[in-house]
């Protein structure tokens, strides 16, 4: 990922996280108030507690999302490498087993020799 895109996404994540925490605090602080009534000290304390809880929950979600992203990226990288190497080997086997003729006097590539085959441990 480009650094500029990563910085933009980080900024958006921080902006959204602050927004979520603010909404949680406001909803807890002002949920039981009548229109025009000022929040009480007890309501402010509940709001701070709710905002702290929302912040902790968001940090956990962000941490788990980052961990999932790393695992998924690693899996896709490994799977992609295996898929292409296995796909190439399947195409070579298909070429070797076909009745494809290169023409009179043409030398076929030495792809059908079993010494060039990948080991069976890499083919899953």
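The values are calculated or read from the model by the stated rules, or taken from the named source; none is laboratory data. These numbers were taken from a predicted model, which means no experiment stands behind them. Counting neighbours? That spans all protein chains shown, and the Cβs are built from the backbone with ideal geometry, glycine included.
Restricting attention to the range 19-43, which residues are under 16 Å from residue 59 (Cβ atoms) and exposed (fewer than 12 other Cβ atoms within 10 Å of the Cβ)?
19
Condition check: modelled with pLDDT of 95 or more and surrounded by 10 or more Cβ atoms within 10 Å (Cβ to Cβ). Does residue 16 satisfy that?
yes
State all residues of the range 1-21 that are in contact (Cβ under 8 Å) with a residue 12 or more places away in the chain and under 25 Å from residue 46 (Cβ atoms); if no residue qualifies, say none.
If the condition is that a residue be in contact (Cβ under 8 Å) with a residue 12 or more places away in the chain and under 25 Å from residue 46 (Cβ atoms), then 17, 20, 21 are the ones that fit.
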